[in-house]
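A.B. asks: Shown below is the structure under consideration.
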Amino acid sequence: MAVIYEVLQKLLLGKAAENDKKTLVFTLGEEARKNIGNIGEDGQITMSLKMIENNRKNVHILFLNRLQYLFMYLMKLEADKDKFQYDNLILYGLDSLIAQYNTEDNAEDLNVEQIRLSNLIFNSIFKIKRKYEIDMLEFIPIDEGAQISLGLLKIEKYWKYVC
C-alpha cells in the first residue's frame with residue numbers, strides 16, 4: 001500500500017506537478033478504493049494547498065470495480081484520439097480484479113482465464129502507451145508479494161519487451 005502513496009506524492013509534489021503533466025489513475029476494486037480514500041486520513045500524505053490544487057488540476061482518479069469496465073474504458077481511450085490528454089497512466093489494484101477469476105481453490109499460479117484477461121488488458125494499455133507516447137505507465141499491485149502479483153509482473157515484462 002505504501003507504493004501508491006509514494007507514487008501519488010511524487011505526482012502531486014514532484015516534477016510532474018511542476019510541468020503540469022496530467023495523470024489518470026485507474027483504481028481497481030474495493031480494496032484499492034479504500035486505500036485511495038484513506039490517503040489523507042492515516043497521515044501517509046499530508047495534503048498541502050499546492051497538493052490539493054495539483055490533484056484537482058492534474059491528477060484524475062477513476063474508480064472501477066469490474067475488469068470489463070476497465071477494458072471498455074481502455075478501448076474508448078484508444079479510439080478517442082482527439083480527447084486523450086494524459087501524460088501518465090497508473091493502474092492500481094489490477095491484481096485484485098484478476099484474482100476474482102480464480103476458479104481453483106488455493107491456486108498459486110495464474111490460470112488460463114486470468115492469463116487471457118491479463119494479456120487483453122496489457123495489450124490494450126501498451127497500445128495506448130505507444131500510440132500517445134505516454135511518459136509513465138505504472139502498474140501498482142495491492143499485494144506485491146502475492147503469487148498473482150508476481151504472475152502479472154511477468155506478463156507486464158513480456159508486454160514491455162514486445163512493445
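Values in this text are rule-based calculations from the coordinates and carry no lab data. Just so you know, these numbers come straight off a predicted model, no measurement behind them. Reconstructed Cβ throughout: ideal geometry from the backbone, glycine too, with neighbour counts over all protein chains shown.
A.B. asks: At a Cα cut-off below 30 Å, give the lysines reachable from residue 76, other chains included and same-chain residues fewer than 8 away excluded.
C.D. replies: Qualifying lysines at Cα under 30 Å: 10, 15, 21, 22, 34, 57, 127, 129, 131, 154, 157, 160.
A.B. asks: So which GluC sites (Glu not before Pro) in the range 93-131 end up in coil per DSSP with only 12 or fewer other C-beta atoms within 10 Å? Intermediate values should be presented prior to the final figure.
C.D. replies: On the way: sites: 104, 108, 113; in loops: 104, 108.
In loop regions of the range 93-131 (DSSP not H, G, I, E or B), the sparsely surrounded GluC sites (Glu not before Pro) are 104, 108.
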